[in-house]
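J.: Mind having a look at this structure? Questions to follow.
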Amino acid sequence: MAEFWFIVIAVLWIGFFFLEGFDFGVGMLLPFLPENERQKRVLINTIGPVWDGNEVWLITAVGATFAAFPRWYAAWLSALYLPLVLVLLGLIVRGVAFEYRGQLDSPRWRRWWTAAICTGSLVPCLGIGYALTTTLTGLPLDSAGNRVGGPFAVFSWPAMVGAIGFVGFALLHGSAFLALKTDGAVRRRAVRITLFAPLALLPLAIFSGWLPNDTVTWLVWGIGIAAGLLAWLAAWRRREGLAFLLLGGFLVATLASAFVAQFPVVLPSTVDTHWSLTVATASASPYPLTVMTWLAAFGLPLVLAYQAWTYWVFRRRIGDTHIPDGAH
C-alpha cells in the first residue's frame, strides 16, 4: 500500500507541473510576449478559466504526502519553511493580481499588476521546483529527520539546476500552450519562442540525467530526451498540439526516471545515508492508507472529469478580435 501511494504522489507532482507549468509560463511571459494591452488580455484569457483548477494538484500532492508519509512531510516541509513561505506569498499575489488588474483603467495600475502576475508566477515555479528537487537530491537531516546546519545548509547546486530547469520548462510549455490556444500575432511570437526548446529544456535534462542508476531509468530518461527533441521538431513544423503534448512527454519521462531511480528512498539525508527516509520508514499505518485509497477511488475521477470538461468548454483559439474594445 505504501508503494502504491509513493506512485500516486509522484503522479500528482508530475501532473501539477504538466498543468500548472504552462500557466506559470504564460504568467512569466505576460510582460514580454504581447505587443499591446489587447494582446496581454489574450494571454490572461487563455489561462483564466483553468489556472486556479490547476493549483488543486499542488494542494492534493502536499495533502497526500501529509496523510500517507507524515515523516516525509514533516522533515521535508519544515526544512524548507522559509522558501515555501515565499512560494505561498507568490501564489497569493498572483491570485490577487488576476482579480485586481482589470479593476481600474489606468496604464500604471495595469503595469504594476502585470509585474505582480509575472513575479507571482516565477517565484512559486522556482520555489516549488527547488522543493521538489531537494526530495530527490537530499537535505541535511539527522537520525530523527530534523534539519541540521546553518541557514544556507538546505542550498545545493544540483537542486538549483533542477529548479531553474522547471522555470525553463514552464516558459517553454507556456509558449507552446499559447501557440496552441491563440491566433494572429500572439501565436506567431509564441511559436518563435517554442523554437528555443533545446536551450530551455537543457537544465532539467541535466538534472534528471544526474539521477538514473540502472538500465531501466536510463531508458526512461532517454525517452524523455527524445520527446523533447521531437517537440522542437514539431514546433518547427508548426504542429502546435503535437509540440505541446511532446513537451509533456519530456516532463513525464524525465521526472519518472528520477523518482524510479530514488525508490525506495523518499528523502535522502546528505549527512548520513543511513538516516534517509524511505517508503517503509516514512509511511503511515495501513489503516489511513486504506481509507485514503477509497477516498481517492471516488474523488479522483470526479476531479479529472471536471478539469477535462473545463478544457473542452474553453478549447477554441483566442485572438485579438475576441477582445472587446475597452477591455482591460
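J.: Please list, ordered by first then second residue, the pairs with beta carbon atoms under 8 Å, 6 or more apart or interchain, first in region 3-16 and farther than 22 Å from A308 by Cβ, second open to solvent by 10 Å² or more (accessible area, probe 1.4 Å) and not in a helix (DSSP H, G or I).
T.: Matching pairs, first to second residue: E3/P264; W5/S283; F6/F263; F6/P264.
J.: Which of (1) of a type in the set (F, W, Y); (2) out of contact with any strand residue (DSSP E or B) (no Cβ under 7 Å at 6 or more places or on another chain); (3) assigned to a helix (DSSP H, G or I) is the odd one out, the single condition W72 does not satisfy?
T.: W72 satisfies every listed condition except (2).
J.: When only residues in region 233-254 that are aromatic (F, W, Y) and buried (at least 22 other Cβ atoms within 10 Å of the Cβ) count, which is farthest from the chain's Cα centre (by Cα)? Outline the logic, then answer.
T.: So the first thing to find is which residues in region 233-254 are aromatic (F, W, Y), and the list is 236, 244, 250.
Subsequent filtering for residues that are buried (at least 22 other Cβ atoms within 10 Å of the Cβ) retains 244, 250.
Details: F244: 15, F250: 13 Å.
Result: F244.
J.: Looking at V26, is it in contact with a Phe, Trp or Tyr (Cβ under 7 Å, 6 or more places away or on another chain) and open to solvent by less than 10 Å² (accessible area, probe 1.4 Å)?
T.: The answer is yes for V26.
J.: Can you tell me which of V271, V303, V266 is part of a strand (DSSP E or B) and not polar (S, T, N, Q)?
T.: Numbers: V271 fails: part of a strand (DSSP E or B); V303 fails: part of a strand (DSSP E or B).
None of the others qualify; the one that does is V266.
J.: Given the residues P151, P83, P70, P124, which is the only one that is open to solvent by 10 Å² or more (accessible area, probe 1.4 Å), within 24 Å of M28 (Cα to Cα) and not aliphatic (A, V, I, L, M)?
T.: P83
J.: Taking the condition of being over 19 Å from V260 (Cα atoms) and aromatic (F, W, Y), how many residues in region 210-238 meet it?
T.: Of the residues in that region, 2 qualify.
J.: Among the residues of region 195-216, is there at least one that is in contact with a strand residue (DSSP E or B) (Cβ under 9 Å, 6 or more places away or on another chain) and modelled with pLDDT of 85 or more?
T.: Checked against the condition, which is being in contact with a strand residue (DSSP E or B) (Cβ under 9 Å, 6 or more places away or on another chain) and modelled with pLDDT of 85 or more, region 195-216 yields no hits at all.
J.: Still on this model: For G90, are the conditions met, namely being touching a Pro at 6+ places or on another chain (Cβ under 8 Å) and either crowded, with 23+ Cβ neighbours inside 10 Å or farther than 20 Å from T65 by Cα (or both)?
T.: When the stated conditions are applied, G90 passes them.
J.: Pairs needed: first member in region 62-82, at pLDDT below 90; second member anywhere, among the basic types (K, R) and open to solvent by 10 Å² or more (accessible area, probe 1.4 Å); C-beta distance under 9 Å; at least 6 residues apart or different chains.
T.: Listed pairs, sorted by first residue: A75/R147; S78/R147; A79/R147; L80/R147; Y81/R147.
J.: Would you please name the residue that is farthest from V148 (Cα to Cα), looking only at residues in region 77-110 that are hydroxyl-bearing (S, T, Y) and part of a helix (DSSP H, G or I)?
T.: Filtering first and then ranking leaves Y100.
J.: Name the single residue that is farthest from I193 (Cα to Cα) among those in region 207-256 being touching a Pro at 6+ places or on another chain (Cβ under 8 Å) and among the aliphatic types (A, V, I, L, M).
T.: Across region 207-256, the extreme among qualifying residues is V220.
J.: Continuing with the same structure: Pull up region 29-49, narrow it to residues that are open to solvent by less than 10 Å² (accessible area, probe 1.4 Å) and among the aliphatic types (A, V, I, L, M), then point me to the one that is farthest from the chain's Cα centre (by Cα).
T.: Ranking the qualifying residues of region 29-49, first place goes to V42.
The values are calculated or read from the model by the stated rules, or taken from the named source; none is laboratory data. As the structure is a prediction and not an experimental result, all values here were calculated from the model. With ideal geometry, Cβ positions are generated from the backbone for all residues, glycine too; neighbour counts draw on all protein chains shown. Ligands, DNA and RNA are stripped out before the accessible areas are found, and what is left, the full protein with its side chains, is counted by its heavy atoms. Shrake-Rupley method; radii C 1.70, N 1.55, O 1.52, S 1.80 Å.
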